[in-house]
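The structure appears right after this line, and notes come after that.
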Amino acid sequence: MAYSPAIVVLLVDDDSSIREMISRQMKREGFVTLQAEDGIDGLVNMRGQLPDVVVSDLQMPRMSGFEFISVVQQRFPSIPIIVLTGAIPKDLPAEIKPDRCFEKSSRIVPELLRAIRDLTRQTPNRVSATPAVSLPVRARADGAGDVSVPCTDC
């Protein structure tokens, strides 16, 4: 029997209770989960290990999900993106094209896990490019407001 590596999911959300709840469910299903509290933390995580799938909130401090997803899609277009947010906007910006969108709810977890499996089956080749995310990124010490981080590598 061939070895099948675990699916690596980067979960980006500023709500630690949401991250922990979803991460526990993912681990029970055999996924490896990496957690980030905002887009900047998500990019830092991607320097160490590229995920097979990214699950991101949209409204976060320092670097919003909109900015984070835009950078990930420009830099790693083969990584599927799932948006998990309190309210799905009627019109997402043109530069944001997630593969799936879900509103946050504990009832959505089974559907989220199914979507992760489906997306990894559709994109079977693991991303192997060396991530190039320029650091350091400085934000306001109090974490207030959003920060725009231009990606010179994109």
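Nothing in this text is a laboratory measurement; each read-out follows from the coordinates by a stated rule. The model shown is predicted, which means the values in this text are computed figures rather than measured ones. Cβ placement follows ideal geometry from the backbone for every residue including glycine, while neighbour counts extend to all protein chains displayed.
For the range 85-118, trypsin sites (Lys or Arg not before Pro) are listed when DSSP marks them as loop and at most 10 other Cβ atoms sit within 10 Å of their Cβ; the list is K90.
Ranked by the mean number of other Cβ atoms within 10 Å of their residues, highest first, the peptides 80-86, 37-43 come out as 37-43, 80-86.
What is the range 7-85 by shape, rounded, prolate or oblate, if you read a ≥ b ≥ c off the alpha carbon gyration tensor as root eigenvalues and call it rounded for a/c under 1.5, prolate for a/b larger than b/c, and oblate otherwise?
Working: a/c = 1.75, a/b = 1.19, b/c = 1.47.
Cα axes put the range 7-85 in the oblate bin.
Label separation (R107 vs R28): 1.8 nm, computed from points 7 Å beyond Cα along the C-beta direction.
With unit charges on the beta carbons (Lys and Arg positive, Asp and Glu negative) and the dipole taken about the Cα centre of the range 1-72, which residue among G39, S56, Q25 sits farthest to the positive side? Of the candidates, Q25 comes out farthest on the positive side. Per-residue extension of 0.36 nm, minus the Cα-Cα distance of A6 and T123, leaves a gain of 40.7 nm for this segment. The distance between label points at E95 and Q74 comes to 0.5 nm (points 7 Å beyond Cα on the Cα→Cβ vector). The modelled label-to-label distance for the pair A87/S16, using points 7 Å beyond Cα in the direction of Cβ, is 2.7 nm.
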